[in-house]
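*Asks:* This structure is in structure tokens; I'll ask about it shortly.
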Amino acid sequence: MTKLWGGRFAGGPAEALEMLNASITFDMRLAPYDLLASRAHARVLHRAGLLDDAELDKMLTALTELGEAVASGGFEVSIADEDVHTALERGLVERLGPLGGKLRAGRSRNDQIATDLRLYCRDHARGLAADLIDLIDALVAQAGAHVDAPVPGMTHLQHAQPVTFGHQLLAHVQPLLRDLERLRDWDRRAAVSPLGSGALAGSSLPLDPAAVAAELGFDSCAANSMDGVADRDFAAELLFVAATVGIHLSRLGEEVVLWSSSEFGWIELDDAYATGSSIMPQKKNPDIAELARGKSGRLVGNLTALLVTLKSLPLTYNKDLQEDKEPVFDSLDNLALLLPAVTGMIRTMKVNTDVMADSAPRGFSLATEIADWLVRRGVPFRDAHEVTGAVVAHCGKLGIELDEISDSDLAGISEHLTPQVREVLSVEGALAGRTTPGSTGPTAVRSQLAVVGTALAEWRVWADTKVVPL
Ligand code: ARG
């Protein structure tokens, strides 16, 4: 009998129940964390006088062996094992006989699963951070190489004002840096150990949840045992961060799709990071960028799924909570798949600076420069806006760009429009003039790059610090 709960039942479970009830089909990846928590629990039972020295020794050795068997694939599980906790207790009893049954004292699958999932999330959040850092690094490298490369900056996907490509790439970096901050904030709240909460009410055995928490790399133990087993907002919050990362990747992906189209022609993707068509030999498709867009659907879906599962659940543990794991695994797995591909795509893309520079002044994107020039000469902005609008309309009618208008036409539109206005009708001039912090001018972008570079080095240290002592 493998079941942890057979005692009061006359017959075995119906097959339909067994199939539905089991989480062993997806929760075995928690085994290393469950075994880690079991080691800490064994030590606590020993300190409480519930295991003697020899028993603790045997228990720890068996847990090590079991961990090795799980890792090598030598430990086989079946649907009858129900879940990772049941399977591992079976493995322990197979190795230790009745001694294996002692480990369950003072704990329940309810505090075990809450602990295992927290450990898993904290461990994997660091990996997610490392992948984000790599992507930021690739964006920063491209930004550094194109600090002063002009591109048409857009609003409403229409030419608005010229910007530097470096600035635009760093505009994708900033949200990803905030995602790293979100992860670090989340981690602080997630660093609470539920172990010791038991089924829901704590334990009558002299356990030491604070010591267990410290051994597992947590900052503290649960302040309330009922919350300890019922809370899954740590998982929901991580899924929110994952969904937000997904949204940021989808916005970057969409831009890459546009930039690499023939209509834009700003970039060419490296062959290693693009795909072909089965029928059109000329095609080079931005599949990675499209999947970056497409994956956001499931990332948002996973967050939604867990939030809806949690809504209205009475305290404390309910089997509904078993539905917490797959969304978490799916979001983290998919980001682990997606991020390195996006990073490679960004790192290797070839930037067509000539095409971008040629396009930068088009669409009257320097019109604001004329208005600002008039303002510097004392014209109220309201009037400057009107005058500039008249210049744009005039050029539009003649089918010419702003710098092609004649001196006499300028003077005809407004007495304020002397030929000196031509000084600001160059993209380089417009960009160089943007010097305030956070602006698109090359000087401001260099400052931004320096700050990001320092931050990135600090983030690497955070991501490389192991919190779960596996
Ligand atoms: N497999 C279960 C889960 O994932 C473990 C906890 C089971 N607890 C219980 N009271 N049946 O949630």
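*Asks:* Applying a 10 Å radius around every beta-carbon, put 354-367, 109-122 in order of their mean neighbour count, most first.
*Replies:* Values: 354-367: 18.4, 109-122: 24.9.
With the highest mean Cβ count within 10 Å placed first, the list reads 109-122, 354-367.
*Asks:* For region 367-425, with every protein chain kept in place, what is the accessible area per residue (1.4 Å probe, Å²)? Show your work: numbers first, answer last.
*Replies:* Details: 3340 Å² over 59 residues.
Heavy-atom SASA per residue in region 367-425 reads 57 Å².
*Asks:* Determine the distance separating the Cα centre of region 235-304 from the Cα centre of region 53-92; give it in Å without decimals.
*Replies:* 42 Å
*Asks:* Along the charge dipole of the chain, pointing to its positive end and built from +1/-1 on Cβ of Lys, Arg, Asp and Glu, which listed residue (ALA450, GLY73, LEU216) has its Cα farthest out?
*Replies:* LEU216
*Asks:* Counting each DSSP H run of 4 or more residues in the chain as -39500 (n - 2.57), what helix-only mean residue ellipticity at 222 nm follows after dividing by all residues, to the nearest 500 deg cm²/dmol? Can you show the working numbers first?
*Replies:* Numbers: 18 runs with 283 residues, N = 470.
Per the formula, -20000 deg cm²/dmol.
*Asks:* Under 8 Å for C-alpha pairs, at least 6 residues apart: give me the relative contact order for region 367-425, rounded to a whole percent.
*Replies:* Numbers: 48 pairs, mean separation 21.3, N = 59.
Averaging sequence separation for qualifying contacts and normalising by length gives 36 percent for region 367-425.
*Asks:* Ok, one more. Using a 1.4 Å probe and ignoring any ligands, DNA or RNA, find the accessible area of LYS311 and quote it in Å² to the nearest 10.
*Replies:* Counting only protein heavy atoms, the figure is 140 Å².
*Asks:* While we're here: Grab the other residues whose beta carbon is less than 14 angstrom from that of PRO442, score K and R as +1, D and E as -1, and report the net. If you can, show how the numbers build up before the last one.
*Replies:* Values: positive: ARG434, ARG446; negative: ASP148, GLU428.
After counting each charged neighbour, the total is 0.
*Asks:* Sticking with this structure for a sec: What pairs in LYS350/LYS466; LYS3/LYS466; LYS319/LYS466; LYS283/LYS350 have C-alpha atoms more than 27 Å from each other? Before the final figure, lay out each step's value.
*Replies:* Details: LYS350/LYS466 36 Å; LYS3/LYS466 35 Å; LYS319/LYS466 31 Å; LYS283/LYS350 17 Å.
In this structure, LYS350/LYS466; LYS3/LYS466; LYS319/LYS466 exceed 27 Å between Cα atoms.
*Asks:* Here is a further query. Determine the per residue accessible area of region 206-343 with all protein chains present and a 1.4 angstrom probe, expressed in square angstrom. Mind dumping the intermediate values first?
*Replies:* On the way: 6350 Å² over 138 residues.
Ligands and nucleic acids excluded, the result is 46 Å² per residue.
*Asks:* With every protein chain kept in place and ligands, DNA and RNA left out, what is the accessible area per residue of region 125-171? Probe 1.4 Å, answer in Å².
*Replies:* Numbers: 1490 Å² over 47 residues.
Dividing the accessible area of region 125-171 by its residue count gives 32 Å².
*Asks:* Beyond 36 Å, how much of the Cα-Cα pair distribution for the chain remains, as a whole percent?
*Replies:* Working: 52118 of 110215 pairs.
Every Cα pair in the chain considered, those over 36 Å come to 47 percent.
*Asks:* Mind ranking 63-72, 32-41, 440-449 by how tightly packed they are, going by the mean number of other C-beta atoms within 10 angstrom, highest first? Present the calculation step by step, with values, prior to reporting the outcome.
*Replies:* Details: 63-72: 16.5, 32-41: 22.6, 440-449: 19.6.
Result, highest mean Cβ count within 10 Å first: 32-41, 440-449, 63-72.
*Asks:* Next up: Ignoring ligands, DNA and RNA, what percent of the 1.4 Å accessible area of the chain is carbon and sulfur? Intermediate values should be presented prior to the final figure.
*Replies:* On the way: 11760 of 21580 Å².
Reported share for carbon and sulfur atoms: 54 percent.
*Asks:* While we're on this one: Leaving out same-chain residues fewer than 8 places away, which aspartates and glutamates sit with a Cα under 18 Å from that of LYS295?
*Replies:* ASP131, ASP179, GLU254, GLU255, ASP287, GLU326, ASP330, ASP333
*Asks:* Under a Cβ-Cβ cut-off of 10 Å, what is the net charge of the residues other than HIS167 that fall near it, where Lys and Arg count +1 and Asp and Glu count -1? If you can, show how the numbers build up before the last one.
*Replies:* Numbers: positive: ARG434; negative: ASP148.
Around HIS167, the charge tally is 0.
The values are calculated or read from the model by the stated rules, or taken from the named source; none is laboratory data. Owing to the predicted nature of the structure, the values given are computational and were not obtained by experimental measurement. FYI the Cβ positions are ideal-geometry reconstructions off the backbone, even for glycines, and counts take in every protein chain you see. Accessible surface is based on the protein model in full, side chains and every heavy atom, while ligands, DNA and RNA are left aside. Shrake-Rupley method; radii C 1.70, N 1.55, O 1.52, S 1.80 Å.
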